[in-house]
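A.B. asks: The structure under discussion is supplied below as structure tokens; questions concerning it will follow.
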């Protein structure tokens, strides 16, 4: 047993790290391009780059956000010259999306970002023993339950 003092320090470290990641997620990043992107923007570019001809419904499903939110974000990406919309001649009702040349550059830069900043850590995490992974899962479950209890306070 680690004791309550060590447990409290552990929770504080996780909460601090959570705040750090929330802060990072809220800041636009360049990914090595002249453009700066918020998290949703670059992930929409990523999804469109991986799924040429994707529609609003699929983007909404992939990102678990409303079609309205996707439509608004994609419209902004179009205005920035990163995404283009088109229709197929046989289906003039459905709007499809693809990346422009500039959007493709952002997609490639984002892929490089993941290779540089995720793959090394993913490999390190993949090397965890089953017991280490179980301990992390147990900690995350405990923190999820704590968050639910705090949220219930209103």
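A.B. asks: Consider the candidate values (1) 28, 19, 12; (2) 38, 19, 15; (3) 53, 29, 14; state which one is semi-axes √(5λ) of the Cα gyration tensor in Å computed from the structure displayed.
C.D. replies: Working out semi-axes √(5λ) of the Cα gyration tensor in Å from the coordinates points to (2).
A.B. asks: For a quick protection proxy, order the peptides 120-131, 79-90, 47-58, 13-24 by their average other-Cβ count within 10 Å, most packed first.
C.D. replies: In decreasing order of mean packing, 120-131, 79-90, 47-58, 13-24 become 47-58, 79-90, 13-24, 120-131.
A.B. asks: By count of other Cβ within 10 Å, fewest leading, how are 27, 146 ordered?
C.D. replies: Taking fewest neighbouring Cβ atoms as first place, the list is 27, 146.
A.B. asks: Got a sec? How would 8, 77 order by Cβ neighbour count within 10 Å, fewest to most?
C.D. replies: 8, 77
FYI, it's all coordinate maths here, none of it is from the lab. Being a predicted model, the structure only gives us computed values, none of them experimental. Here Cβ is always computed from backbone atoms with ideal geometry, including for glycine, and neighbour counts include all displayed protein chains.
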